[in-house]
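Where a number appears in this text, it was derived from the coordinates with a stated rule and is not lab data. In this text, all values refer to a predicted model and were calculated from it rather than measured experimentally. No Cβ is skipped: glycine too gets one built from the backbone with ideal geometry, and neighbour counts run over all protein chains shown.
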Amino acid sequence: MTIVDAGAADGAAVAADSAENSLRLGRVRAAMDAAGLDALLAFAPLWRRENVRYFTDAPVAGTASFTLLTAAVSDGAAPGGVSAFSTRRSDLDAIARRGWTTDVHLISAHSPTALTTRLAEARPGRLGVAHYELLPQVLMNQISRALPKAEIVSATRLMDDVRLVKSEWEIGRMREVAVAVAAGWQAFVGALEPGLPEYAIVAAVEAAIKGLGAEDNFMLIASGGDEVRGMTAPTPRLLERGDMVRTELTPQLNGYWLQICRSATIGKASDAQRRSFDLFNEAVEAGLAAVRPGVTADEVARAQNDVFRARGFGEYCTSQYTRVRGHGHGLHVDETPIIEGNETELPENAVFIIHPNTYTPIAGYHVLGDPVRVTPNGAEILISTERKLFEGAI
Amino acid sequence: MKRGLVQLDPAEIPEREWHDRVGSLQRDLATSGVDVALIYGDVSRSDDIAYLTNLCVYWNEGILAVPAAGAPVFLTKLSARVHPWMRLISTVAEIRSGRGFGELAGKFLGDSGAGTVGLIDADLWPASVAGEIRDALPGWQMRPLDGLVRAHRQSPSESELTLLRRGAGLLDQVAAQAAADGLTPAERIALAERELRGHGFLDVLASVTRTADGVATIQVTGQYRYLWLHVSRVADGQRTAWPAWAGELRAAIGAAAAAATPGATGADLQDTVRPLLASLPPGASVSVRWVHLADMATNGEYASYPADLPLAPRSAVVVSVEVRFADGRYATAAETVLVGEHGPAWLTGGAR
């Protein structure tokens, strides 16, 4: 996580964003109404901050942070009905200066008095907690004690559904990430040379994207030949001529994640590596062609897998060799899974990556994919990096 | 996500030390009548698991099961396809993947007779995961075991000290470069990322803050192998136009770190520092704190640090001085220090 505190937020920008803030609160309140929730508490542990970000548009860094939204705005409630809480003092300033809520409070994990007091004042009969499944016992106990008569339920799915469709404001943010994606991939290919350890490639990428203001990055990598079965965090393995180096590279900028999947060879690509690319590119194209408003995740996955099945590689679409055929993007890096059997509908302005990444015996694990937006006319690719088999260290 | 180097090197931490760490926990379990300890970790905090096995929960969640007798087993929702890598970088031989922890724990322990499960740091477990485990193991007793592994992590071993010194040397050097005159905030952060990850750091968390009067501080938390280190420095230190408090802040962190002796408390450090910050503007406040490196994954925010908690000898800590201004902005200085029997030893900032 990287936060650059560059100064006070611009007042005009805050005003311009107020429509987005209102849109979000309206969406969430409608979902709360449908779910019969009187209040929604979004919990953000260190690694799942998307919902608190959704309500604050601020880069929080605390070990535990929350936002509380009540269904009805009552007298004396926070503006917009949102209150924010964090275990890190610097978050309070970051949230307040962003301006989506100015009702911010410091809490301790062992005694979150400001939070429990506000909950007790709100007296919800039914409280939804986003990331209920990750809420530590110490915090759960105190929330339960503050609301002895309340029904406390998970609102994780509710918030996932709310975030599925992106606004134009959000799409604009995601387009900005594409610049970091392009720079990250360029740094990746530029770093490739025989003798370089995998972790040094990551260092080069991180420097490039952080230099553009990226806050974080999700990145898996693997190098080697056709023995490579998957990707992990980087190893000390030294690159060799003839290797294929694969990556999922996912910068986060202004809260939003955007992923690129590409593979590059060290030196000229072999015939097998090219055949592998052709197969995976055909699968990506099939996935892209399937995109339309209301398409299901199953249909997008099936379109990709059918290419492998038609070429006699169907077994490599199973969980023995791969995970998903893509996944949603937004304020979290890994949202709706694009996988056969997932009947989730992907409406207009849903954003996800199509990546048929898997192992085949042709050239080992291959990684290729583009993030797309669902439009009335099909898929709009959100990055500009060419989809080809790159050759490094030529 | 953890995306730096993870490696298991017996030249750094000998096989015997890994064995002894697990053995020590197992003796504690046997003494307490606990049949198996379960240690929860996620990508953001899994240092107990790393301390016992060198496993890196690079994403998602995992549970390390340590029986009172026998080898630890790692239970994870990550795919079995990453097992070969996990075995390569850890001392764990058996890894089990599944859709949920209840199912995994049930399969792991369900066939043995009911006994007692110890949940290490039970308060910090996700309540629903603890509930899943409880439901999957009917007849078993659940016992919280607070701080059982963390206590061992607070005093680094000789092997760990060697790694800490190596990592601290790198961090010190990079922080000095990143705090140099004339760089933009993004350039400072990019430099820290490139140099630290390029030298094998597992994780780098760098940020730059700036006060209304233009004083920037760069904060870098780094993880070398599984060990945390931290520095915060005033940037552009050669400028002469800084407000007086910026120079005082640099003197204050030196004094605070020098006062980090066995038995000293946070309140003592605060008393040492306060007179040195005489030029703060109205409305500014000063906070001096120390945090065990063992708690740096969460910046100490899941631990309890009362003002009268004394520093223990041989503990490795981050000492920080934070100045917060009336407008909510802040500047901070911090160093990593080993609390020696006869006084503090700088791990970072020794060249000051």
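Among B:H19, A:H131, A:H105, which comes first, then next, by fewest other beta-carbon atoms within 10 Å? Provide the component values of the computation, followed by the final result.
On the way: B:H19 11, A:H131 23, A:H105 18.
Sorted ascending by nearby Cβ count, the order is B:H19, A:H105, A:H131.
As a quick test, which of the pairs A:K210/B:K77; A:K210/B:K2; A:K268/A:K388 have an alpha carbon distance above 23 angstrom in this structure?
Numbers: A:K210/B:K77 30 Å; A:K210/B:K2 16 Å; A:K268/A:K388 13 Å.
Violating the 23 Å Cα-Cα cut-off are A:K210/B:K77.
Which residues in region A:354-382 have a backbone N closer than 13 Å to a point placed 7 Å from the Cα of A:R275 along the Cα-to-Cβ line?
Once the point is set 7 Å along Cα→Cβ of A:R275, A:360-364 turn out to lie under 13 Å by backbone N, inside region A:354-382.
To one decimal place, what orientation-averaged projected area in nm² is obtained for the convex hull of the Cα set of region B:158-346? Write out the running numbers ahead of the final one.
Values: hull surface 41.1 nm².
Its average projected convex-hull area is 10.3 nm².
What angle do you read, to the nearest 10 degrees and between 0 and 90, between the alpha-carbon axis of helix A:137-146 and the longest principal axis of chain A?
On a 0 to 90 degree scale, this one is about 30.
Please work out the Cα convex hull volume for region A:11-163 and give it in Å³ per residue. Walk me through the numbers on the way to the answer.
Working: hull volume 14.8 nm³, N = 153.
Enclosed volume per residue, from the Cα hull, is 97 Å³.
Based only on Cα atoms, what Rg/Rh ratio does region A:272-394 have, Rh being taken as Kirkwood's radius? Please report the intermediate quantities before stating the final value.
On the way: Rg = 13.9 Å, Rh = 14.4 Å.
Rg/Rh for region A:272-394 comes to 0.96.
Each residue of region B:84-101 in turn: what ³J(HN,Hα) in whole Hz from Karplus with 6.51, -1.76, 1.60 and θ = phi - 60°, glycine and Pro shown as x?
x, 5, 5, 5, 5, 9, 9, 8, 7, 9, 10, 10, 10, 10, x, 7, x, 6
May I ask you to work out the translational diffusion coefficient for chain A at 4 °C, viscosity 1.567 mPa s, via Stokes-Einstein with Rh from the Kirkwood sum over Cα pairs, reported in whole µm²/s?
Numbers: Rh = 22.2 Å.
Calculated translational D: 58 µm²/s.
Expressed as an acute angle from 0 to 90° and rounded to the nearest 10, what is the orientation of the C-alpha long axis of helix A:271-290 relative to the principal long axis of chain A?
On a 0 to 90 degree scale, this one is about 40.
Longest segment of chain A with no GluC sites (Glu not before Pro) in a DSSP loop having at most 12 other Cβ atoms within 10 Å?
On the way: sites that count: A:E227, A:E343, A:E386.
Between the exposed loop sites, the longest stretch runs A:1-226.
How high is the relative contact order of chain A, in percent, counting Cα pairs under 8 Å that sit 6 or more residues apart?
Values: 877 pairs, mean separation 55.3, N = 394.
Answer for chain A is 14 percent.
Calculate the length of the line joining the C-alpha centroid of region A:19-56 to that of region B:306-330, in whole Å.
Rounded to whole Å, the Cα centres lie 34 Å apart.
Lys/Arg Cβ at +1, Asp/Glu Cβ at -1, dipole of region A:11-163 taken about the Cα centre: which of A:P45, A:A122, A:T156 is farthest positive-ward?
Farthest along the dipole direction, towards plus: A:P45.
Where is the GNM fluctuation largest for chain A (alpha-carbon springs, 10 angstrom cutoff): A:A222, A:A207, A:A303?
Maximum among the listed residues: A:A207.
How big is the C-alpha Rg of region B:145-235 next to the rule-of-thumb value 2.2 N^0.38 Å, as a ratio? Kindly include the intermediate steps, with their values, before the conclusion.
Working: Rg = 14.9 Å, N = 91, 2.2 N^0.38 = 12.2 Å.
It is 1.22.
Just to check I understand the Karplus step: with θ = phi - 60° and J = 6.51 cos²θ - 1.76 cosθ + 1.60, what whole-Hz values come out for region A:211-227, glycine and proline as x?
Here the 3J(HN,Hα) series is x, 9, x, 4, 8, 7, 7, 10, 8, 10, 8, 7, 9, x, x, 7, 7 Hz.
Give me the aspartates and glutamates in straight-line cross-link reach of B:K107: C-alpha distance below 15 Å, same-chain residues under 8 apart excluded.
Result set, ordered by chain and number: B:E94, B:E132, B:D135.
Highest first, please rank the peptides A:107-117, A:366-376 by the mean number of other Cβ atoms sitting within 10 Å of their residues.
Details: A:107-117: 17.4, A:366-376: 22.0.
Ranked from most to least packed, the peptides come out as A:366-376, A:107-117.
Work out the P(r) tail for the protein assembly as shown: percent of alpha carbon pairs separated by more than 42 Å, whole number.
On the way: 75740 of 277885 pairs.
Percent of Cα pairs beyond 42 Å in the protein assembly as shown: 27.
In nm², what is the average projected area of the convex hull enclosing the Cα atoms of chain B? Don't jump to the answer; show the numbers that get you there.
Values: hull surface 73.2 nm².
That works out to 18.3 nm², a quarter of the Cα hull's surface.
Across peptide A:157-164, what mean number of C-beta atoms from other chains lies inside 10 Å of a residue's C-beta? Walk me through the numbers before you get to the answer.
Details: counts 0, 0, 0, 0, 0, 0, 0, 0.
So the per-residue partner count for this stretch is 0.
Please build a GNM for chain B, connecting alpha carbons under 10 Å apart, and tell me which residue among B:S159, B:S128, B:S24 fluctuates the most.
B:S128
Pairs of alpha-carbon atoms within less than 8 angstrom and 6+ residues apart define the contacts here; what relative contact order does region A:168-392 have, in percent? All intermediate terms of the calculation are to be shown ahead of the outcome.
On the way: 544 pairs, mean separation 52.5, N = 225.
With pairs under 8 Å counted, the relative contact order is 23 percent.
Tell me the angle of helix A:198-210 to the major Cα principal axis of chain A, expressed in degrees between 0 and 90 and rounded to the nearest ten.
Taking the Cα atoms of chain A, the angle to A:198-210 is about 50 degrees.
What whole-number distance in Å separates the alpha-carbon centres of region B:85-163 and region A:313-376?
If we compute the Cα centre of each part, the gap is 32 Å.
What whole-number value in cubic angstrom gives the convex hull volume per residue for the C-alpha atoms of region B:15-152? Provide the component values of the computation, followed by the final result.
On the way: hull volume 13.4 nm³, N = 138.
Spelled out: Cα convex hull of region B:15-152, divided by residues, is 97 Å³.
For A:K210, B:K77, which order do you get if you count the other beta carbons within 10 Å of each Cβ and list the fewest first? Mind showing how you got there, number by number?
Values: A:K210 28, B:K77 16.
Ordered from fewest to most neighbouring Cβ atoms within 10 Å, A:K210, B:K77 come out as B:K77, A:K210.
Once amide H atoms are placed 1.01 Å from N in the peptide plane, what residues at a sequence separation of 5 or more from A:K166, or on another chain, have their amide H within under 5 Å of its amide H?
Under 5 Å from the amide H of A:K166: A:A350, A:V351.
Take every residue in peptide B:125-138, count the Cβ atoms of other chains within 10 Å of its Cβ, and give the average of those counts.
Values: counts 4, 11, 12, 8, 5, 3, 3, 1, 0, 0, 0, 0, 0, 0.
The shielding value for this peptide is 3.
Evaluate peptide B:204-210: per residue, the Cβ atoms of other protein chains within 10 Å of its Cβ; return the mean as an integer. Show your work: numbers first, answer last.
On the way: counts 5, 5, 6, 9, 5, 7, 4.
Partner-chain Cβ atoms within 10 Å, mean over residues of B:204-210: 6.
Applying the Karplus parametrisation 6.51 cos²θ - 1.76 cosθ + 1.60 with θ = phi - 60° to the phi angles of region A:352-362, what ³J(HN,Hα) value in whole Hz is obtained for each residue in order, glycine and proline being reported as x?
7, 9, 9, 9, x, 3, 6, 8, 9, x, 4
In the P(r) worked out for region B:1-89, what percent of Cα pairs fall beyond 16 Å? All intermediate terms of the calculation are to be shown ahead of the outcome.
Values: 2147 of 3916 pairs.
That tail contains 55 percent of the Cα-Cα pairs.
Applying a 10 Å radius around every beta-carbon, put B:298-308, B:329-339 in order of their mean neighbour count, most first.
Working: B:298-308: 16.4, B:329-339: 24.2.
Packing proxy ranking, top to bottom: B:329-339, B:298-308.
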